[in-house]
1. Those residues that are among the β-branched types (Val, Ile, Thr) and open to solvent by 30 Å² or more (accessible area, probe 1.4 Å), I need them from the stretch 94-112; list them, please.
2. Check Ile97, Ile66 and return the single one that is in a strand (DSSP E or B) and either without any contact (Cβ under 8 Å) to a residue 60 or more places away in the chain or more than 30 Å from Ala39 (Cα to Cα) (or both).
3. When the stretch 36-61 is examined, which residues are found to be closer than 15 Å to Met1 by Cα, touching a residue at least 24 places away in the same chain (Cβ under 8 Å) and part of a loop (DSSP other than H, G, I, E, B)?
4. Do we have Ala42 as open to solvent by less than 30 Å² (accessible area, probe 1.4 Å), at pLDDT 95 or above and more than 30 Å from Thr119 (Cβ to Cβ) here?
5. Criterion first (modelled with pLDDT of 95 or more, surrounded by 15 or more Cβ atoms within 10 Å (Cβ to Cβ) and small (Gly, Ala, Ser)) does Ala29 satisfy it?
6. Out of all the residues in the stretch 10-23, which are open to solvent by 70 Å² or more (accessible area, probe 1.4 Å) and in contact with a Leu (Cβ under 9 Å, 6 or more places away or on another chain)?
7. Would you please name the residue that is surrounded by the most Cβ atoms within 10 Å (Cβ to Cβ), looking only at residues in the stretch 54-93 that are under 21 Å from Ala124 (Cβ atoms) and modelled with pLDDT under 95?
8. Would you confirm, using the coordinates I've provided, whether Tyr111 is under 25 Å from Asp30 (Cα atoms), hydroxyl-bearing (Ser, Thr, Tyr) and either in contact (Cβ under 8 Å) with a residue 24 or more places away in the chain or out of contact with any Cys (no Cβ under 9 Å at 6 or more places or on another chain) (or both)?
Amino acid sequence: MTLTDDLIWNARAYVYHHFAQTTHAPTVADVAAHFQLNAADAIELFDELNARHAFFLEPGTHDIRIANPFSAVPTDFIVQAQGQAYYANCAWDALGIAAALHSDAVINATYAEDDVPLTLTIRAGQVSHPEAVVHLL
């Protein structure tokens with residue numbers, strides 16, 4: 001199969017929509033069914049999206065691990081939004097999930113240096129705790 005840019009970017013959009021709706025990553029089978037592809041073509045599509053850094057696969061698999069800002073694996077950054085709990089890859093991505101969902105949110109995280117819990121609330125685009133600091137390395 002020849003992958004077209006339309007298919008590639010429509011599949012990327014589907015992955016993000018799936019994360020937003022379900023809180024988890026779609027599988028190769030989910031994408032194959034949605035786009036009426038066979039498994040080998042869906043795997044080729046996943047490989048291409050991974051190569052383009054549209055998302056990142058779990059090493060040695062075709063399981064999506066990260067589609068920034070969403071994480072498919074549990075992390076210390078939990079975002080409660082729209083009645084669901086999402087995992088973010090980092091503090092920046094936790095804010096990004098609320099932004100991507102255009103939603104109010106509650107973020108539960110911990111300070112890395114001392115494991116002190118931190119809760120941030122986002123209401124109408126404003127973040128509580130303006131004294132909180134996020135370090136970006």
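The values are calculated or read from the model by the stated rules, or taken from the named source; none is laboratory data. If you're wondering where the values come from, they're calculated on a predicted model, not measured in any experiment. In this analysis, Cβ positions are derived from the backbone assuming ideal geometry, glycine residues included, and neighbour counts consider all displayed protein chains. What goes into the accessible areas is simple: the full protein's heavy atoms, side chains included, and nothing from ligands, DNA or RNA. Shrake-Rupley method; radii C 1.70, N 1.55, O 1.52, S 1.80 Å.
1. Matches in the stretch 94-112: Val106, Thr110.
2. Among Ile97, Ile66, only Ile66 is in a strand (DSSP E or B) and either without any contact (Cβ under 8 Å) to a residue 60 or more places away in the chain or more than 30 Å from Ala39 (Cα to Cα) (or both).
3. Leu37, the sole residue that qualifies.
4. yes
5. No.
6. Selection gives Arg12 alone.
7. So, considering only residues that are under 21 Å from Ala124 (Cβ atoms) and modelled with pLDDT under 95, the one surrounded by the most Cβ atoms within 10 Å (Cβ to Cβ) is Ala91.
8. In short, no.
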